[in-house]
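Derivation of every value follows stated rules applied to the coordinates shown; laboratory data play no part. These figures come from a predicted structure and were not determined experimentally. Every residue, glycine among them, receives a Cβ derived from its backbone with ideal geometry; neighbour counts consider all protein chains shown.
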Amino acid sequence: MDPEAFVAHLPLCRALPKLELHAHLNGSIRSSTLLELAAEHSQNGAVSYPELVSIIEKEKRSLPETFKLFGLIRLVTTNHQVVTRITREVIEDFAAENIIYVELRTTPKNNPAVGMTKRSYMEAVMAGFNTDSIAFNRIYVRLILSIDRRETTEAAIETVRLAFDMRQEGCEIVGIDLSGDPAIGEWKTFLPALTLAREMGLPLALHCGEVHNPEEVKSILDFHPERLGHVCCLDDLEWQALLASKIPVEVCLTSNVATLTVPCVADHHFVELYKAKHPIVICTDDPGIFCTTLSREYALAASCLDLVSEEVVKLAKEAINLSFAEPQLKQTLHQLFDFSHLKQAPSLPIGAP
Ligand code: 6MZ
């Protein structure tokens, strides 16, 4: 990746209207908020502040270390007010960098100690963006409910039923995700819940191939979810099956490099996917944890693929078709995209830099 090309692409990528389709709520938390909450909780001994700071400050951390950090985040994001605050800040940050639509994913959580149920957790999330604030007038927010790989079949089914019920009630829920530590859990545990989601008409965006697990990857590809996240560790056979399947892939460059899942951006498999005209969408995964933004991810992708500005715009716009937005909203997003792109985006000379 050419650093000069990256810098040259940044202004266009910042100005571009963008769609974020793969961001975890608690992975998008502001570092300042996380440190503030950690300081509060370290007073009652719930977390070790120096340990948290040392993990946050690491530029690269392995997948196991990343999941240790998520464990610590869980310890400081326990009550409804904090969940609402984090959601509000995350959406404000997305709106500020010209993201016009986000599918924010989060794992509904029970916490009997503070009277939190999976439903009340989701209500606290929704309270974070159903406000009259100006920032929220510029961004459409939709939710994907995550099943954590540590959960049981029953807990996963509870999440799917909750998603279905809340969607029926008019909440902004558009799909189901399977995520969490890829070293934990088995595909067959979640299959009943994912099958139910499909029967209920909920689209699926599943994490796949973050670690080498050919059997699971094969089962996921055979199941044919609507979208896949990561797909980093695929053997030849699965790779060919992925290409043949045309299942859109959510690409998270900085996350994959930071967790040492791929060696560097230039060697990332998205280059091959792009060249094969496989549908891809550029995403952040956990912008708070990996200190990145969607604009930065687009600039990384553009410099790595050596794109001209028209190609960057096309890549960003294709995210509309890959989203789980309802057909009418897709139409609105197309109009909004064309309008704001024409109005704002500075154009990069063809072939630059
Ligand atoms: C798999 C990930 C992830 O749900 O509490 N999560 N799962 N791979 C990743 N790549 C690094 N990044 C985040 O957000 C945090 C949770 O999202 C999942 C993990 O389950 C993590 O605990 P929520 O809002």
Can you pull the percent of Cα pairs in the chain with separation above 34 Å? 21
How much mean residue ellipticity at 222 nm does the chain get from its helices, if each DSSP H run of length 4 or more adds -39500 (n - 2.57) and you divide by all residues, to the nearest 500 deg cm²/dmol? -16000 deg cm²/dmol
Cβ-Cβ FRET estimate between Lys330 and Ala113, R0 fixed at 45 Å, reported to 0.05: 0.60
For the stretch 108-243, with only Lys/Arg (+1) and Asp/Glu (-1) charged at the beta-carbon, what is the dipole magnitude about the Cα centre, in debye rounded to 20? 440
Could you work out the relative contact order of the chain, using alpha carbon pairs under 8 angstrom and six or more residues apart, expressed as a whole percent? 24
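Any idea what the dipole of the chain comes to, in debye rounded to 20, about its Cα centre with Lys/Arg Cβ at +1 and Asp/Glu Cβ at -1?
On the way: 32 positive and 47 negative charges, 119 e Å.
Charge dipole, the chain, about its Cα centre: 580 debye, nearest 20.
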Taking Cα centroids, how far is the stretch 127-187 from the stretch 204-274 in Å? 22
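Would you please classify the overall shape of the stretch 159-236 from the alpha carbon gyration tensor, given that a ≥ b ≥ c denote the square roots of the eigenvalues, rounded means a/c under 1.5, and beyond that prolate means a/b larger than b/c while oblate covers the rest? If you can, show how the numbers build up before the last one.
On the way: a/c = 2.25, a/b = 2.19, b/c = 1.03.
Because a/c hits 1.5 or more and a/b exceeds b/c, the stretch 159-236 counts as prolate.
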Extreme residue, positive dipole direction of the stretch 89-226, given options Ile139, Leu196, Gly128 (C-beta unit charges): Leu196
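Tell me, rounded to the nearest percent, the portion of alpha carbon pairs in the stretch 1-135 spaced more than 19 Å apart. It would help to have the intermediate numbers written out before the result.
On the way: 5293 of 9045 pairs.
That fraction is 59 percent.
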Might you report the magnitude of the Cβ-based charge dipole of the stretch 42-116 about its Cα centre, with Lys and Arg at +1 and Asp and Glu at -1, to the nearest 20 debye? 320
Computed lengthening from Ala183 to Val53, 0.36 nm per intervening residue step minus Cα-Cα distance: 44.3 nm
Taking every DSSP beta bridge with both residues inside the chain, roughly what % is antiparallel (nearest 5)? 5
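Which order do the peptides 8-21, 83-96 take when ranked by the mean count of other beta-carbon atoms within 10 Å per residue, highest first? Mind dumping the intermediate values first?
Working: 8-21: 22.9, 83-96: 20.9.
Highest to lowest by the protection proxy: 8-21, 83-96.
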Between Asp222 and Lys275, what's the calculated FRET efficiency when r is the beta-carbon distance and R0 is 25 Å? Round to 0.05. 0.50
Could you pull out every residue, at least 5 positions away or on a different chain, whose amide H is within less than 5 Å of the one on Tyr140? Hs are placed 1.01 Å off N in the peptide plane, and Pro or chain starts have none. Tyr101, Val102
Mean 1/r over distinct Cα pairs of the stretch 55-114, inverted to a Kirkwood Rh in Å, yields 13.7
Kirkwood-based Rg to Rh ratio, the stretch 1-52, C-alpha trace: 1.22
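Using the beta-carbon distance between Leu196 and Ser340 and R0 = 30 Å, what value does 1/(1 + (r/R0)^6) give for FRET efficiency, to the nearest 0.05? Mind dumping the intermediate values first?
Values: r = 38 Å, r/R0 = 1.28.
With R0 = 30 Å, the Cβ-Cβ based efficiency is 0.20.
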Which residues qualify? For Asn111, with a placed amide H closer than 5 Å and at least 5 residues away or on another chain, they are Met116, Thr117
